[in-house]
Amino acid sequence: MLPSLPMKPSLKARGTLRDVARLVGVSHTTVSNAFSRPDQLSPELREKILAAARSVNYPGPNPAARMLMSGFANAIALVYADPLYHAFEDPATSAFVGGVAEACDQRGLGLLLLQGGGASLRTVQSAAVDGLIIYSISKDGAAIRAIAERGLPMVVVDQPLIPKVPFVGIDDRAAAGACAQHLKDLGHQNFAIVTFPLSSDGHCGLVDRKRLKNNCFEIPKRRIEGYLEVLDGGGSGYSVVIWECAGSNEESGRTAAGGILSSESRPTAILATSDRLAIGFMDAARSRQLRVPQDIAVMGFDDIPAAKLVTPRLSTIHQPMAEKGRLAVSSLLKEKSSLRMKVPTKLIVRQSTDPTIQGADQETEIDLR
């Protein structure tokens, strides 16, 4: 049985800084230093002050008051477009958040995670922070305007590109082009692109070029443009269909497979804009007795841990998500002077695209610059 815990004192029952100073017989500044600048006092005097504070239930200086005096919150915010629980469900985003948290911890900064849409917008407008990291928000989102109006330092990661605002990301177009070229070199001619949302309207199904042009999210647009630049270039005549998913998870990949594989002209190669979509697609393909990669090759994007665990192992683009998080913090604090920071990527070729790879642990890494 857990021991009972003492009730916390009410606000009225708490002592004040003045009470502690009177008990110990020191100045208000000395009491404040015991909490915020302990190096200014001897260990004996500091412990005497802290003991007196405990005796009158004084918790220490009010952080809000300290912030008003200094003008700094000593914390930054990470603004995320989707509901916050998605950030912990998605392995790529989770790794990015971990990189941000690590960098903040190393610098003694607090980290606030904020959802950048809907009713949460008020929190973005009022959060007590010194700067903001914007992570994958729609270029037309109200959150962008709300953040800009605050006038605080900010950094954008992945999307959108905002003039004169520091950016951290990868060359999505070039990385996607490398994926398409890899499959093209293997002799494929019929392709399907499976993408996460181009807009926030919940569309699920085939995409025409008009919808692609009028998208709200830049990352899927850049990746699709990279694929098409290789497959459409020079009037090559390759067959390409684009399927937009309502999300970026395995179930969305399975839904896409249901639509794509039921058509008469079934593609032989799939270019997915995320690993989770690719893994879901492969699962659905196997349920239809299709062999990967012999009947249909599947390429992902991100290189999440599951990419090495599925069978066959997934060919993909490796991007260092945690490093992007660390660089975002460094850029926000002006430790990096570059306005556009591009993180290098790698093309990872595994069994899901290359039938010549026999060993489960075999793979080829190609640096992309």
(message) Run the numbers for residue 213 and residue 142: contour at 0.36 nm per residue of separation, minus the present Cα-Cα distance, in nm.
(response) 23.5 nm
(message) Below 8 Å, C-alpha to C-alpha, sequence gap of six or more: please give me the relative contact order for the range 17-61 in percent.
(response) 45
(request) Treat each spin label as a single point 7 Å out from the Cα along the C-beta direction, and report the residue 37 to residue 113 distance in nm. (result) 3.6
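As a quick test, which of the pairs 139/342; 308/336; 164/336 have an alpha carbon distance above 26 angstrom in this structure?
Cα-Cα > 26 Å for 308/336; rest within.
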(request) Note the angle between two axes, namely the Cα long axis of helix 250-260 and the longest principal axis of the Cα atoms of the chain, as a number of degrees from 0 to 90, rounded to the nearest 10. (result) 20
(request) Could you list 299, 341 in order of exposure, starting from the residue whose Cβ has the fewest other Cβ atoms within 10 Å? (result) 341, 299
(request) Quantify how much of the Cα-Cα distance distribution of the range 161-248 extends past 19 Å, in percent. (result) 42
(message) Exposed loop sites here are GluC sites (Glu not before Pro) in DSSP loop states with at most 12 other C-beta atoms within 10 Å. What is the longest stretch of the chain lacking them?
(response) 1-263
(request) Match the structure shown to one of the listed values (i) 41; (ii) 54; (iii) 49 of percent of Cα pairs over 28 Å apart, computed from it, and give that label. (result) (ii)
(message) Can you compute the modelled spin-label distance between residue 190 and residue 161, with each label point 7 Å from Cα toward Cβ, in nm?
(response) 3.6
(message) Tell me the angle of helix 275-287 to the major Cα principal axis of the chain, expressed in degrees between 0 and 90 and rounded to the nearest ten.
(response) 40
(message) Between residue 128 and residue 308, what is 0.36 nm times their sequence separation minus the Cα-Cα distance? Round to one decimal in nm.
(response) 60.7 nm
(message) Can you sort 334, 210, 139, 48 from fewest to most other Cβ atoms within 10 Å of each residue's own Cβ?
(response) 210, 334, 139, 48
(request) Provide the FRET efficiency to the nearest 0.05 for the residue 16-residue 45 pair, computing r from the beta carbons and using R0 = 22 Å. (result) 0.70
(request) Could you tell me which of 300, 126, 143 has its Cα farthest along the dipole of the chain towards the positive end, charges placed at Cβ (Lys, Arg +1; Asp, Glu -1), taken about the Cα centre? (result) 126
(message) Using only the alpha-carbon atoms of the range 179-315 as identical scatterers, what base-10 log of I(q)/I(0) does the Debye formula give at q = 0.16, 0.19 Å⁻¹?
(response) -0.75, -1.08
(request) Output the relative contact order of the chain, whole-number percent, from Cα pairs under 8 angstrom with separation of 6+ residues. (result) 15
(request) Return the distance in nm (one decimal) between the two label points of a simple spin-label model at residue 361 and residue 246, each offset 7 Å from Cα along Cα→Cβ. (result) 4.2
(message) Angle check, please: helix 172-185 long axis (alpha carbons) against the longest principal axis of the chain (alpha carbons), in degrees 0 to 90, nearest 10.
(response) 30
(message) Over the range 73-169, what portion of Cα pair distances is larger than 15 Å, expressed as a whole percent?
(response) 58
(message) Using a 10 Å cut-off around each Cβ, can you sort 31, 155 from fewest to most neighbouring Cβ atoms?
(response) 155, 31
(request) Restricting things to alpha carbons, tell me how big the range 17-61 is in terms of Rg and Dmax, in Å. (result) 8.9, 24
(request) Enter the Cα centre distance for the pair the range 243-266 and the range 136-209, rounded to the nearest angstrom. (result) 19
(message) Under the 0.36 nm per residue contour assumption, what length would be gained going from the current alpha-carbon distance of residue 323 and residue 340 to full extension?
(response) 4.6 nm
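FYI, it's all coordinate maths here, none of it is from the lab. Everything numeric in this text was worked out from a predicted model, so none of it was measured. Glycine gets a Cβ as well: all are built from the backbone with ideal geometry, and neighbour counts include every protein chain shown.
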